[in-house]
Structures are given as C-alpha cells and as structure tokens.
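Below is one structure, written out as structure tokens, with a few remarks after it.
Just so it is clear, none of the values below were taken in a lab; they were calculated from the coordinates. Remember, it's a predicted structure, so these values are computed and weren't measured experimentally. Neighbour counts run over all protein chains shown; Cβ positions are idealised from the backbone, glycine included.
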C-alpha cells in the first residue's frame, strides 16, 4: 500500500492481489493481523488503511523520490562527522541517512553535495555531524569523483524501457519497485553539473505516468 494512492484496500482486494504473487489467503490474513498489531495499518468495515506512521513513511518516500530543489549558487553542503570514535551501529545509521540525503563521501567522515536540494538534516545526521558551506574550484571534476553518473544514467534508461515493457501486474509491481530504489539514489545535481541527455527527469515523468495507469489497473483487478 505504500505505493498505492489512496493507501487503502478492502481485505478481499488484498487477498486477490496477494494471489498474484503466490501468497495464499491464510498467509495474507496472518500478515495483515500482524501489521494491525504492530500499528502499520488500521482496519474498519473490512478496509485496511495505512496507519499515520506509515502515511508519514509514504509521504517521505514520495518526497525523496522527487525532492524540492532551489537555484544553485555554486556552493556545496559539507557535513563533517564530529566527536570521537562511534559504535558500528551509529556509523551504519549515518551512512544510510547520508545516502537518503543524497550526499556522497569524499573521505571517511566528510560528506558533500551541491547546495541545491531542500532537505532537513535532522535526526542521525544532525546528531553526528557539523555542517559547513563550501565551494570548489572545479565542481565538475568533483562530481565525477563523488558519483558514477554514467552508471546511474545507463540504469535509468534500462528502467525506462522496463516500464514500457511491463505488461502484467506482477511485472509492473517489480518494475516500479526497481524505479523507486533507483530514484532514491539519484544525486539530484543542479543542471550545470549534469552531463548532456541526463535521464533523471525523463525517468521520473515516465514513472509518474506509469504508476497512475498501474493504480487503475490494479484497482480494476482487485475489484473485479
């Protein structure tokens, strides 16, 4: 339901959709019971809805897929890990948060990105890092060191084709999951630092079009 808008479905529809992936009715009901117990969904009149917590997660996922941007003035955000040695769990949590924040690691404990994305550096990042505004004499060469742009672009073009060729509901589900994962690691660089023909916006637009149509197909199937 995280990828479904609005994020609510009757239990008969969830059972039917589960069957697409080889999940039996009993297993679906058990999973929903556990999700209800854990506070991931709510239920009323046989309709399951994402809980407030999961709605926040959905909104965050949507926002991270297409984050808000601002004009780039040439400056960079630089996050430097402060303090002494940290436990492994904290280091792993920080790395995950930095990837979500679309920052790249220049060296151990030093993370950078152009200052063109509006994201709040709260939680793990704020607890472990100090932020600075910096610049670079050759930002294009720095971008090439920090991100594999040709690799990201090649995968984006492959996924664009995958969406075009996804005919079944199962193929569509798998394709959209792949696209979401890929969009979440788009560095979202300013246009001045992107190579010609960058496919980021094209993939996002195709994904938006596809999911709108896919939601309709899934609704028709689940209600049929």
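Note on 25, 155, 220: ascending count of other Cβ atoms within 10 Å places them as 220, 25, 155, the fewest first.
Against the chain, whose longest principal axis comes from its Cα atoms, helix 11-20 is set at around 70 degrees.
Rounded, prolate or oblate: pick one for the stretch 167-224, where a ≥ b ≥ c are the square roots of the eigenvalues of its C-alpha gyration tensor, a/c under 1.5 means rounded, and failing that, prolate if a/b is larger than b/c, else oblate. Verdict is prolate for the stretch 167-224.
With distances taken between every two different alpha-carbon atoms, the chain has a Kirkwood hydrodynamic radius of 19.9 Å. Using Cα atoms only, what is the angle between the long axis of helix 88-100 and the major principal axis of the chain, expressed in degrees (0 to 90) to the nearest 10? Compared with the principal axis, the helix lies near 90 degrees.
Between helix 52-65 and the chain there is an angle of about 50 degrees, using the helix long axis and the longest principal axis of the Cα atoms.
Neighbour counting of Cβ atoms within 10 Å sorts the residues 96, 16, fewest neighbours leading, into 96, 16.
Normalised by residue count, the stretch 43-130 yields a Cα convex hull volume of 114 Å³ per residue.
For 164, 138, the sequence from fewest to most other C-beta atoms within 10 Å is 138, 164.
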